[in-house]
Amino acid sequence: MPWLTHLRSAPPSALIGLALVLAYALVALFAPWLAPYPEADAAGAQYAPWAAPHYLGTDMLGRDVLSRMIWGARNTVGIALVTTVLAFLLGTTAGLMAATVGGLADTLASRLADVLMAVPSLIFALLILTITGTSVVALVLVIAVLDSTRVFRLSRAVAQGILTMDYIEVARMRGEGLFWLIRREVLPNAAAPLIAEFGLRFCFVFLFISALSFLGLGLQPPTADWGSMVRESAKLIAFANFSTWQTATFGLAPLLPAGAIALLTVAVNLVVDWVLRLSSGLKE
Amino acid sequence: MSPILKVLLRRLALGALTLLIVSAIIFLAVEMLPGDIATEILGQSATEETLAALREKLGLDQPAVVRYLDWVTGALTGDFGMSLANQRPIGALIADRAFNTFFLAGHAALIAVPLSLFLGLVAALYRETLLDRLISTSTLAAISFPEYFVAYILILLFAVQLGWFPSLASVEPGMALADRLHATFLPALTMTLIVTAHMMRMTRAAIVNLLALPYVEMAQLKGMRRWRVIAVHALPNALAPIVNVIALNLAYLIVGVVLVEVVFVYPGLGQLLVDSVAKRDFPVVQAACLIFAATYILLNLAADLIAILSNPRLLHPR
């Protein structure tokens, strides 16, 4: 297993990142068994303090915050993952095709990507969400399409580099078809930069969806989601006071979900850093 | 025609074309609605006569191209039509808020640009030291942290705990400049923290690249002082990439401002945009999107033009 030897020589930062990503994944997968209370139902009094049985207190509707954090991992991370996968399918397919086919199709696709990238994605997303209304399907589709432009750019550039190689010329002369070329020659050689890009894109999509949820335009209540949890608990911060532990938790209420978002992004970035260094080291 | 003029004109034309296409997309996006704005306002149960009357009042009976041209020419003079939510002219609604937004972005830029240039220079000079590593670590943090995370930490520290600055950035039209700066300090600081790391890192990279060049080594071998080598030999050549980075980050500020305005309940364009999206007030969303998009495109255009102008190979053709 080449991956295992790489793992053994990984720097501590990458190991920490991997461990954190794994922890998030486990929480997301096993949320129904881990969460002590249901996601959307009241479990106690409103604004209960941080003590057993509500270890992180309850929110303004009496819902258990710890349970909502755990369910939030499943919802927020899950939807970001689906969106990133969709953006990648769209972006790499279009990018590899554009590079391999070339000509008018390549020019048209590239200009379309240029136009979509000429405006910040947040502005475009807000415009489209006004029209479609805020639903999860619209959210996933809009962000996937907007984000696929960057994947398109990268995969097209990588594929163009590979397509100048002699073995491609040989395969073309042998009479191999377009899909054989992409699948057997281009894709395996483009894998490393694309994997690193996947991590970076995931971070971006994850932050983007959380930002929209924070603005009240992403995942809608009563779905537990970290972005909306920051929004819901933001008012509490005005009552924060560090003189006692109980009043200090008011200040921590919005920071908890926001911190969960920040920590996962840091962790993914640490892993991506390592993968990038690995793949550039392999090339030398 | 001199080559530089040709390149400049081409870039300008490309910028104008982008602006035109993007404005068309913003205008025509509403056409993707299942019905049209009239059915959207009156609902499914409206009679055909009231629908037709409203369509005529809104000018919806005109072809899309005519309406687009009307909208764009109106936008150039500050007339964006009427808001659906409160039937007031959008131009008046937006004017104050646009000023507030640009004021906040400008405030952040005034702190962030000199700070990050200085820190980038320092990091380039003392690279591979503890200071340098600290800077690259903070870059990672700044990329990863959502704007509101940074904002709430700052609020907790400086507004709730220390009470130095207000946690709600409320400004009024006739406010004194000093009061205005005080009120917008925390949002500006939030944006500064987020863009500084990136700008700093790019400045460092640009200067480190230049320091490896033979003429810089020559200057060092002549016994020149380190700061003089940087200021006289390296910096003029690093200008193009640095200006580019500054413009890109200013463009980022224009977008980042949306989230920061919501956190601090600042009466700016971003807050209006978010509210209007929730209310599905199409004309206001279109107007705000057009202003944000145009500013973004123009800043990118400016960055490219400055990069072209500061390229000596284009300025002195053989």
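The values are calculated or read from the model by the stated rules, or taken from the named source; none is laboratory data. Just so you know, these numbers come straight off a predicted model, no measurement behind them. Quick note on the areas: whole protein, heavy atoms, side chains included, nothing else; ligands and nucleic acids left out. Shrake-Rupley method; radii C 1.70, N 1.55, O 1.52, S 1.80 Å.
Over all directions, average the projected area of the Cα convex hull of region A:26-280 and note it in nm². Kindly include the intermediate steps, with their values, before the conclusion.
Numbers: hull surface 66.4 nm².
Averaging across all directions leaves 16.6 nm² for the Cα convex hull.
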Taking only the Cα atoms of region B:1-73, how large is their convex hull per residue, in Å³? 85 Å³
Just want to confirm a number: the relative contact order over chain B, from Cα pairs under 8 angstrom separated by 6+ residues, in percent. 26 percent
Which ³J(HN,Hα) values, rounded to whole Hz and listed in residue order, are derived for region B:162-172 from phi using the Karplus coefficients 6.51, -1.76 and 1.60 in 6.51 cos²θ - 1.76 cosθ + 1.60 with θ = phi - 60°, glycine and proline given as x? 8, x, 7, 10, x, 7, 9, 8, 9, 10, 10
Interface residues, region A:130-167 - accessible area loss of 20 Å² or more versus chain alone, probe 1.4 Å: A:Thr130, A:Ile131
Against the globular-protein guess of 2.2 N^0.38 Å, express the Cα radius of gyration of chain B as a ratio, rounded to two decimals. 1.23
Given region A:70-202 reduced to its alpha-carbon atoms as identical point scatterers, what log10 I(q)/I(0) does the Debye formula return at q = 0.15 Å⁻¹? -0.77
Accessible area per residue of region A:71-161 at 1.4 Å probe, in Å²? 37 Å²
Applied in sequence order to region A:134-142, the curve 6.51 cos²θ - 1.76 cosθ + 1.60 (Karplus, θ = phi - 60°) yields integer Hz couplings, x standing for Gly and Pro, of 8, 10, 4, 4, 4, 4, 4, 5, 4
Heavy-atom accessible surface that A and B bury in contact, both chains counted, 1.4 Å, Å² to 100: 3500 Å²
Using the alpha-carbon atoms, what tilt in degrees (0 to 90, nearest 10) does helix B:130-144 show relative to the longest principal axis of chain B? 10 degrees
Which aspartates and glutamates have a Cα less than 20 Å from the Cα of A:Lys235, not counting those fewer than 8 places away in the same chain? A:Asp59, A:Asp64, A:Asp225, B:Glu147, B:Glu261, B:Asp275
Sort largest first and round to whole Å: the equivalent ellipsoid semi-axes of the protein assembly as shown, each the square root of five times a Cα gyration tensor eigenvalue. 37, 34, 30
By what distance, in whole Å, do the Cα atoms of region A:71-110 stretch along each of the three principal axes, largest value first? 48, 14, 7
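Order B:Tyr148, B:Tyr296, A:Tyr55 by their accessible area, 1.4 angstrom probe, all chains in place, largest first.
Working: B:Tyr148 0, B:Tyr296 45, A:Tyr55 140 Å².
Highest to lowest solvent-accessible surface, that is A:Tyr55, B:Tyr296, B:Tyr148.
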With x for Gly and Pro, the residue-by-residue ³J(HN,Hα) of region A:173-190, computed from phi through the Karplus equation 6.51 cos²θ - 1.76 cosθ + 1.60 at θ = phi - 60° and given in whole Hz, is 5, 5, x, 6, x, 4, 6, 4, 4, 5, 6, 8, 10, 7, 4, x, 7, 9
Accessible surface, 1.4 Å probe, highest first, among residues B:Ser276, A:Ser13: A:Ser13, B:Ser276
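Please state the relative contact order of region B:225-313 as a whole percent: Cα pairs under 8 Å, 6+ residues apart? Walk me through the intermediate numbers first.
Working: 54 pairs, mean separation 35.6, N = 89.
Normalised by residue count, the contact order of region B:225-313 is 40 percent.
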Taking a ≥ b ≥ c as the square roots of the Cα gyration tensor eigenvalues, with a/c under 1.5 meaning rounded and otherwise prolate when a/b beats b/c or oblate if not, region A:216-284 comes out oblate
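If I take every Cα pair under 8 Å that is 6 or more residues apart in region A:26-280, average their sequence separation and divide by the length, what percent do I get for the relative contact order? Mind dumping the intermediate values first?
On the way: 339 pairs, mean separation 49.7, N = 255.
Computed value for region A:26-280: 19 percent relative contact order.
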For region B:48-102 and region A:228-284, what is the centre-to-centre distance using only Cα atoms, to the nearest Å? 41 Å
Only counting protein heavy atoms at a 1.4 Å probe, give the residues of region B:129-151, ordered by number, whose accessible area falls by 30 Å² or more when the other protein chains are present relative to the chain alone. B:Leu140, B:Ser144, B:Pro146, B:Tyr148, B:Phe149
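Considering every Cα-Cα pair within region A:43-107, what fraction, in whole percent, is farther apart than 18 Å? It would help to have the intermediate numbers written out before the result.
Numbers: 1243 of 2080 pairs.
Percent of Cα pairs beyond 18 Å in region A:43-107: 60.
In µm²/s, what is D for region B:96-272 at 4 °C and 1.567 mPa s, where D = kT/(6 pi eta Rh) by Stokes-Einstein and Rh is the Kirkwood radius from Cα pairs?
Numbers: Rh = 17.5 Å.
Reported coefficient: 74 µm²/s.
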May I ask you to give the average projected area over all directions of the convex hull of the Cα atoms of region B:211-318, in nm² rounded to one decimal? 10.4 nm²
